[in-house]
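The values are calculated or read from the model by the stated rules, or taken from the named source; none is laboratory data. Quick caveat, the model's predicted, so the values are computed rather than measured. When we count neighbours, we look across all protein chains shown, and the Cβ atoms used for this are built from the backbone with ideal geometry, even at glycine. Heavy atoms of the whole protein, side chains included, go into the accessibility calculation; ligands, DNA and RNA do not. Shrake-Rupley method; radii C 1.70, N 1.55, O 1.52, S 1.80 Å.
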Amino acid sequence: MKHTLIALFSALLVFSCATPTREQSLVDRAVTAMGGADRLAGVNTVTYKGTSKQWEPEQSDVPGGEARFANETTFEGFIDAASRSSRTDYVRNFAYPAPRTFTFSEIVTPEAGFVLGVDSNGRNAQNMKMTPPAHSMSGLRLATTQRELRRGGSGALMLAMQRNPGKVQPAADINGQPAVSFEGFTVAFDPASGLPARVRTLDYDNVWGDVTYDVVYSNWRDVGGFNVPMTRKYELNGRMIQETSFTDVAFNRPVDTARLQVPAELRADAAKPATRNVPYQWVIRRQFIGTYLDSDNVSYDTRATQGLRLQELAPGVLQTQGGSHNSLVVEMSDHLIVFDAPVTDAQSLWLVGQTRARFPGKPIRWLVLTHHHMDHTGGLRGILAEGGTLVVGQGAGPHFRRVLAAPMTRNTDLPARSFHMTPILEVPESHVMSDSAGRQVIVYVMDNPHAKGMLMGWIPHAKLGYVTDIWTPGPPLPAKPNPGLVSVVNTVKRAGLQPERFAGGHGSVDEYQKLTRLVGQ
Ligand SMILES: [Zn+2]
């Protein structure tokens, strides 16, 4: 009996070795189609050049409308397999939010990441301090960059899957293509060629909740016996947001590893890759428009400030300060009004905690979003979980109805729940919110160049206006008025208001007279 069992067990072992699983067969076929395991294992260096274009769907002009073209980039770089490190040099020409060019390099090792040069208008304190400008990546950015490098390194990814068959698990087909899962990726294969066709991650987007993020490989070329996808299209929930074209790829050319060196100051405080709660979409897409703040707290620069605080601007009127994006809170007789829900639900939960402590028994009854852009709305669920009404400008209602109906099970800040019953109020021209004591807060739709349906807030008892993105009160005004600044003055005039100050969704608070002097009225 014992011998029979051993014999049977041995037979099963032989059987399982001889017959690869469906998943292993898909991986084996892909490795062969890409040049074979020996060739892929013999890669010491990869050098590359190419171009990319990026679009940002949640910075559109119209809520839910066409994605905003963000930038066009040329890049050149290399991977050194021995040190598992890479360097990529970028020249990024932005079209949005303003035309400008950033020239910078990214150096990524398994333990740390570095940025040489300026790659954002939201530079952190270290980047501003260093000469020439440079900083070590936050753990959030490092983890994101490492993930995306891995997704882009198609051959190395297939080889890793072949070498770790126990981690290659069954997955549902994607668009009729057989797929497997591996370490957070779902890889779908082209049934005709056997090549990998698509690499998916299941991400969280602060606006759209649970999303799929895919790279779709195409334009396969033979490069010295390696089969390389020269074109990669990146899709967010099926919508293309990035296209990368390699113009030049070579294997095992000599590389100058001295170009992986960085100043000792950067190495000294470099963060390790974050291992949990990485807001991949925020990190990836704020870079698309050159506004990413590279910090391990996405709301503020951990190297520059102690964190967020609520600043009282007038009795019962408070503004979030200390971070990159603000809210405004107005106290009414038995409730609160909040303007804007920026960045994340974590920031919103912080705000809710602050308001509960300061104004016990006064729930947030109204959440007013000045406009639909992701950086000022990404915390809407954290505020609306209080049970209030969402107030948006004319035309934005259907967009937010869809947003609030989207599943949000991968939200790391809030437990999953349904927001589809949240009341939404669309403001046609203006809307008055008042309390039993007669205090009023009014919102006005603005004719403006930044976003359709933009709202301005007006707090009469404080003679205070509130705007986001079209004027940043606090920092010096530009030398000449721009259309955004003019639209603030025009809205004030049209509504017949007499403001003394304005607070902003960025910046702090400033005298309204400075603006009227500039605009010349
Ligand atoms: Zn905006």
Legend entry - Shape parameters for segment 411-521, alpha-carbon atoms, Rg then Dmax in Å: 16.0, 50
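Strictly greater than 36 Å: what percent of every Cα pair in the chain meets that?
39 percent
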Inset, instruction - Give me the accessible area per residue for segment 395-521, probe 1.4 Å, as a whole number in Å². - result: 47 Å²
Legend entry - Alpha carbon centroid spacing (whole Å) that separates segment 473-521 from segment 333-365: 26 Å
Legend entry - Within straight-line cross-link reach of Lys53, lysines at Cα separation under 16 Å, skipping those fewer than 8 residues along the same chain: Lys233
Inset, instruction - Taking the Cα centre of segment 40-96 as origin, sum charge times position over the Cβ atoms of Lys and Arg (+1) and Asp and Glu (-1), and report the length of that vector in debye to the nearest 20. - result: 280 debye
Inset, instruction - Give the peptides 428-434, 336-342, 380-386 in descending order of average Cβ contacts within 10 Å, highest first. - result: 336-342, 380-386, 428-434
Legend entry - Accessible area expressed per residue, segment 25-110, with surrounding protein chains retained (probe 1.4 Å, Å²): 41 Å²
Legend entry - Compactness index (Cα Rg / 2.2 N^0.38 Å), segment 262-358: 1.30
Inset, instruction - On a 0 to 90° scale, report how tilted helix 22-33 is relative to the longest principal axis of the chain, with both axes built from alpha carbons and the result rounded to the nearest 10. - result: 80 degrees
Legend entry - Rough spin-label spacing in nm, given labels placed 7 Å along Cα→Cβ, for Glu265 and Ser333: 5.8 nm
Inset, instruction - Run the quick spin-label model on Thr247 and Glu111: label points 7 Å from Cα toward the beta carbon, then report their separation in nm to one decimal. - result: 3.7 nm
Legend entry - Among Phe359, Tyr204, Ser83 - extreme Cα towards positive end, dipole of the chain, charges at beta-carbon: Ser83
Inset, instruction - Would you kindly state how much longer the chain becomes between Thr516 and Asp435 on full extension, computed as 0.36 nm times their sequence separation minus their alpha carbon distance, in nm to one decimal? - result: 26.0 nm
Legend entry - Spatial extent of segment 29-92: Rg and Dmax, with the Cα atoms as the point set, Å: 17.9, 52
Legend entry - For Val391, residues with placed amide H under 5 Å, excluding near neighbours: Leu367, Val368, Leu369, Leu425
Legend entry - Segment Phe69-Asp447, extension gain: residue separation times 0.36 nm, minus the distance between their alpha carbons: 133.9 nm
Inset, instruction - Name the long-range amide H neighbours of Ser430: under 5 Å, sequence gap of 5 or more, or other chain; modelled H, no Pro or chain starts. - result: Val445
Inset, instruction - Tell me the label-point distance for the pair Asp296, Glu76, using the 7 Å Cα-to-Cβ offset, in nm and rounded to one decimal. - result: 3.5 nm
Inset, instruction - Go through segment 305-314 residue by residue and turn each phi into a ³J(HN,Hα) via Karplus (6.51, -1.76, 1.60, θ = phi - 60°); whole Hz please, and just put x for glycine and proline. - result: 9, 7, x, 7, 8, 9, 9, 7, 9, 7
Legend entry - Positive-pole candidate from Phe182, Gly457, Ala95, dipole of the chain, charges at beta carbon: Phe182
Legend entry - DSSP bridge pairs, the chain: antiparallel proportion in percent, nearest 5: 90 percent
Legend entry - segment 390-427 and segment 185-205: distance between their alpha carbon centers, rounded to Å: 30 Å
Legend entry - Calculated [θ] (222 nm, deg cm²/dmol) that DSSP helices of n ≥ 4 give over the chain, each run adding -39,500 (n - 2.57): -7000 deg cm²/dmol
Inset, instruction - Could you please state how large a percent of the accessible area of the chain is carbon and sulfur, counting protein chains only and using a 1.4 Å probe? - result: 54 percent
Legend entry - 27 Å Cα-Cα threshold exceeded, pairs from Lys452/Lys480; Lys452/Lys493; Lys362/Lys452; Lys129/Lys514; Lys493/Lys514: Lys362/Lys452; Lys129/Lys514
